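Where a number appears in this text, it was derived from the coordinates with a stated rule and is not lab data. Computed from a prediction, not measured in an experiment: that's the story for all the values here. Virtual Cβ from ideal backbone geometry, glycine too; neighbours counted across all protein chains shown.
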Amino acid sequence: MTSTIPTPDSVNAETDGMSTGLPRGKHVGDLARRVTHRRNELGLSTEELARRAGVDAWFLAYFEQSSDTTLSAGALLRLAVALDTTPYTLEGGQVDRPPGEGHAGPYPMLESLTAQQCEDHLAAGGIGRIVLSTSAGPVAYPVNFVFIDRAVIFRTSDAMTDSIGGVVAFEVDHIDDAMSEGWSVLVRGHARLIEDPQERQAIALLDLEPWAGGARLNLIGIVPFEMTGRVIVQRQSH
């Protein structure tokens, strides 16, 4: 059941294109989080976004923190335009689609990354892929990771821990669909189970939380002996 928003001074949400009771309204929650995420990416305050979209700033602030309000189709479109994106993207329509479906840029150049550039990308953390050799062949699993003291560290389950040993590969990348650009970093190194209490305590202070949830209490560290990277950029020829 959606909620009715008690706006100050009886703000008319219909006038702003936002409503809490339209039968065609889009249920929010994830939508509100995507709006907030995109607004932060653009470095906009709530008030600045409200002005761009022509909506009430008080309602927008409420909307971004709410999980049970609704948003009219018109307001969604205006927010999307103000955020330089599409309603489809804000609604999560691209979640099930892999990146990189666009065409190559007009002047693509494939270049190698330096070791420092590779480490800079890894230092941002996020989601990468651990690549293991198994009896059935190589397999890759996405994991949340951090990069500290020149080591890739992630949490995993007992089942995966049993299959990790020796030399492994780890890959992380980023794709910019709009510019047809992107980079990738490939690490090869020795994987080990981190058991030292002091090491585990230090890592526990980091924001390392597997999205997959569950009992993933084992810490794995990969110390690289080889690190390579590539980047695709657009460089107009002169």
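Can you list which of the GluC sites (Glu not before Pro) found in region 173-204 are DSSP loop residues with at most 12 other C-beta atoms within 10 Å? Kindly include the intermediate steps, with their values, before the conclusion.
Working: sites: E181, E195, E199; in loops: E195.
When the GluC sites (Glu not before Pro) of region 173-204 are filtered for loop state and at most 12 Cβ neighbours within 10 Å, E195 remain.
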Using the basic label-point model (7 angstrom from Cα toward the beta carbon), what is the R188 to R200 distance in nanometres?
3.2 nm
Can you compute 3J(HN,Hα) from phi for each residue in region 149-156, using the Karplus curve 6.51 cos²θ - 1.76 cosθ + 1.60 with θ = phi - 60°, rounded to whole Hz and x for Gly and Pro?
6, 6, 9, 7, 10, 8, 9, 8
Would you pull out the residues with amide H under 5 Å of N218's amide H, same chain only if 5 or more places away, H placed 1.01 Å from N?
T156
Rough spin-label spacing in nm, given labels placed 7 Å along Cα→Cβ, for A73 and E209:
3.6 nm
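Let's test the formula: R0 of 45 Å, r as the Cβ-Cβ distance of A61 and D162. What FRET efficiency results, to the nearest 0.05?
Working: r = 48 Å, r/R0 = 1.07.
Computed FRET efficiency for A61 and D162 comes out at 0.40.
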Quick calc: nm separation of the 7 Å Cα→Cβ label points for Q116 and T46 -> 4.2 nm
Set Lys and Arg Cβ to +1 and Asp and Glu Cβ to -1, take the dipole of region 108-167 about its Cα centre, and tell me which of P142, G128, G166 lies farthest positive.
P142
If only Cα atoms are counted, what is the Rg of region 79-238, and what is its Dmax, in Å?
18.1, 57
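Loop only by DSSP, 14 or fewer other Cβ within 10 Å of the Cβ. Give me the trypsin sites (Lys or Arg not before Pro) in region 141-226 that pass, ordered by residue number.
Numbers: sites: R150, R155, R188, R192, R200, R216; in loops: R150, R216.
Those satisfying the criteria are R150.
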Calculate, for V139 and Q234, the FRET efficiency according to 1/(1 + (r/R0)^6) with r their C-beta to C-beta distance and R0 45 Å; round to the nearest 0.05.
0.85
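Return the loop-located chymotrypsin sites (Phe, Trp or Tyr not before Pro) in region 154-238 (DSSP other than H, G, I, E, B) with at most 16 other Cβ atoms within 10 Å of their own Cβ; answer none if there are none. Before the final figure, lay out each step's value.
Details: sites: F154, F170, W183, W211, F225; in loops: W211.
Sites meeting the loop and neighbour criteria: W211.
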With L110 itself left out, Lys, Arg at +1 and Asp, Glu at -1 over residues whose Cβ is under 12 Å from its Cβ give 0
